[in-house]
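What follows is calculated from the coordinates using simple rules that are stated; it is not laboratory data. Everything numeric here is computed off the predicted structure, so don't read it as measured data. Every residue, glycine among them, receives a Cβ derived from its backbone with ideal geometry; neighbour counts consider all protein chains shown.
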Amino acid sequence: MKYAIADGKRVEAIKGLKATCPVCSMEVVARCGKQRIWHWAHLVHRACDSSKENETAWHRMWKDLFPSEWQEVTFKENSEKGYSRADVATSKGLILEFQHSRIEEEERIAREEFYNNMIWVIDGTRLKRDYPKFLKAREEFINLGRPHVFRVDFCSEAFPESWTQSKVPVIFDFLGQRDLEDHSDPRKFLYCLFPGFIGRYFVVAEFSRNAFIKAVINGEWEHRYLRFMNQLEVLREQWRTFTKGL
């Protein structure tokens, strides 16, 4: 984890500093090596660590794009675990979870049901095959009549199938920590897979990383998302009406 408690304040890992876990109040130690990003770790494995993967530089990069007080926010749960620690929780109640590695379906569903108002951001650079696979599938995306919004037939050919059943928006980041000079490179965009279908089709939108971050920080994301989902519902109804006549 990025933050622990020392002298009543949230602090980042510093070699030799004594601190406690903000969730369980047990002692944690600062891991300040050269192989991994600096972080806090429990001396003994605790339930606090069970639902979170090891944090990567990609995780930390994304967290640091948002205010520090929004990062690693703890929520109470009515379960045996007793708590959940969100990667980012905005002042408007929107949750962002950054996922680098594979996640079990049961855990994905549990987080979506608990947070409800959330977005997954997925590291599309983890497996080398994922971006070439996406790029090939992207050639078959069909524009939905508005810029950067597409209808996708075989979604599992573009994205990992495990994410196509999500009930919340799933955003794929194929750029990661790269710095590309070519502004037309598709990796400059984030790709958002929206929940639900139009007939058998999925809906995907592309937008810049900066636009996404700005919309989250200024609170516009929720408004735009709800408006867009209402528009999709109109398209779904039109599709249902059309197919009834076939």
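Quick one: angle between helix 105-115 and the longest Cα principal axis of the chain, in degrees between 0 and 90, rounded to 10, please.
Value to nearest ten degrees: 80.
Arrange the peptides 25-35, 206-216 so that the one whose residues have, on average, the most other Cβ atoms within 10 Å appears first. Spell out each step's value before the answer.
Numbers: 25-35: 13.0, 206-216: 15.3.
My ranking of the peptides, most packed first, is 206-216, 25-35.
Restricting to DSSP loop positions (anything but H, G, I, E, B) with no more than 14 other Cβ atoms inside 10 Å of their own Cβ, which trypsin sites (Lys or Arg not before Pro) remain in region 106-170? Can you show the working numbers first?
On the way: sites: R108, R111, R126, K128, R129, K133, K136, R138, R151, K167; in loops: R126, K128, R129, K167.
Sparse-neighbourhood loop trypsin sites (Lys or Arg not before Pro): K128, R129, K167.
Over 19 Å between Cα atoms: which of K136/K167; K63/K214; K2/K63; K34/K128 fall into that group?
On the way: K136/K167 25 Å; K63/K214 14 Å; K2/K63 9 Å; K34/K128 25 Å.
Where the Cα-Cα span goes over 19 Å, the pairs concerned are K136/K167; K34/K128.
Sequence gap at least 6, Cα distance under 8 Å: using those rules, report the relative contact order of the chain to the nearest whole percent. Don't jump to the answer; show the numbers that get you there.
Working: 365 pairs, mean separation 27.4, N = 246.
Worked out over the chain, it gives 11 percent.
Tell me the chymotrypsin sites (Phe, Trp or Tyr not before Pro) within region 131-194 that lie in a loop according to DSSP and have at most 13 other beta-carbon atoms within 10 Å. All intermediate terms of the calculation are to be shown ahead of the outcome.
Details: sites: F134, F141, F150, F154, W163, F172, F174, F189, Y191; in loops: F141, F154, F174.
Listed in order of number, the matching sites are F154.
Just H59, H100, H183 to compare: in a GNM of the chain, with alpha carbon springs under 10 Å, which one fluctuates most?
Maximum among the listed residues: H183.
Using alpha carbon coordinates only, what is the Rg to Rh ratio of region 1-159, with Rh defined as the Kirkwood radius? Provide the component values of the computation, followed by the final result.
Values: Rg = 18.4 Å, Rh = 17.8 Å.
Ratio value, two decimals: 1.03.
According to the Cα gyration tensor, what semi-axes, each the square root of 5 times an eigenvalue, does the equivalent ellipsoid of region 54-244 have, listed from largest to smallest in whole Å?
Numbers: eigenvalues 136, 89, 56 Å².
Each semi-axis is the square root of five times an eigenvalue, giving 26, 21, 17 Å.
By a straight-distance test (C-alpha under 20 Å), which aspartates and glutamates pair with K9 as possible cross-link partners, with residues fewer than eight away in the same chain excluded?
E27, D64, E69, E72, D87
Pairing the Cα long axis of helix 220-244 with the longest principal axis of the chain, what angle in degrees results, from 0 to 90 and rounded to the nearest 10?
30 degrees
Please report, in debye to the nearest 20, how large the charge dipole of the chain is about its Cα centre when each Lys and Arg carries +1 at its beta carbon and each Asp and Glu carries -1 there.
Working: 39 positive and 36 negative charges, 50 e Å.
Result for the chain is approximately 240 debye, rounded to the nearest 20.
Shape verdict for region 1-50, please, from the Cα gyration tensor: rounded (a/c under 1.5), prolate (a/b greater than b/c) or oblate. Each step should come with its number before you reach the end.
Numbers: a/c = 1.86, a/b = 1.14, b/c = 1.62.
Oblate shape, in that a/c is at least 1.5 and b/c is the bigger or equal ratio.
At 222 nm, what helix-only mean residue ellipticity would the chain give, in deg cm²/dmol to the nearest 500, using -39500 (n - 2.57) for each DSSP H run of four or more? Each step should come with its number before you reach the end.
Values: 5 runs with 61 residues, N = 246.
Dividing the helical sum by the residues of the chain leaves -7500 deg cm²/dmol.
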